[in-house]
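Student: So that we are looking at the same thing, I have put the structure below in structure tokens.
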């Protein structure tokens, strides 16, 4: 099998939590080739709970630390794509990174290695089988279309 090209195209849209708070959703455009490859069947959600500041968002110091962690995660999984970061949800006192992975065991080891240089963080992991990428498909429904021609959408998923 040829090496899968993992796109680095992202979008951001506002959404609401169940209690009506603002959630910023940032999603990666993923192609059908990746989804249909059958390689990334396990979904992992890494959730960092924080004390919300204005409008449910993290304060400046927490936000800076979250971005450092985010950059470390992105860099490592770009170098070794055992997992694909597909979505980031921020608001209502939580930052949630969503990954699809080839191996839960390898993901867990790498995740801990990535976080090792940081102080102990309030991050919890949740994993489940999601070979149909249902969470990803649901997240894509929050994307705001520009209303233009969508001929460049090669993933076959609804916008």
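Any read-out appearing in this document is the output of simple, stated calculations on the displayed coordinates, not a laboratory observation. The structure displayed is predicted, hence computed values, not measured ones. For neighbour counting, all protein chains shown are included, and Cβ atoms are generated from backbone atoms with ideal geometry for every residue, glycine included.
Student: At residue 112 and residue 4, where each label point lies 7 Å from the Cα along Cα→Cβ, what is the point-to-point distance in nanometres?
Tutor: 2.5 nm
Student: Starting from the Cα of residue 55, step 7 Å along the direction of its Cβ; do the same at residue 134; then give the gap between the two resulting points in nm.
Tutor: 3.2 nm
Student: Sort 97, 10 by Cβ crowding within 10 Å, fewest neighbours at the top.
Tutor: Ascending Cβ contact count within 10 Å gives the list 10, 97.
Student: Among 128-140, 73-85, what's the highest-first ranking by average C-beta atoms within 10 angstrom per residue?
Tutor: 73-85, 128-140
Student: Related question: Sorting check: for 117-125, 21-29, which peptide has the highest mean count of neighbouring beta carbons within 10 Å, and how do the rest follow?
Tutor: Ranking the peptides 117-125, 21-29 by packing returns 21-29, 117-125.
Student: Which value at 222 nm does the chain reach when only helices count, each DSSP H run of 4 or more adding -39,500 (n - 2.57), with the total divided by all residues and rounded to the nearest 500 deg cm²/dmol?
Tutor: Counting only the DSSP helices, I get -8500 deg cm²/dmol.
Student: What ranking of 114, 144, 88 emerges when the number of other C-beta atoms within 10 Å of each C-beta is taken as an exposure proxy, fewest first?
Tutor: Ordered by Cβ neighbours within 10 Å, fewest first: 144, 114, 88.
Student: Kindly state, as a whole number, the per residue volume in cubic angstrom of the convex hull around the alpha carbon atoms of region 12-140.
Tutor: Output value, Cα hull per residue: 106 Å³.
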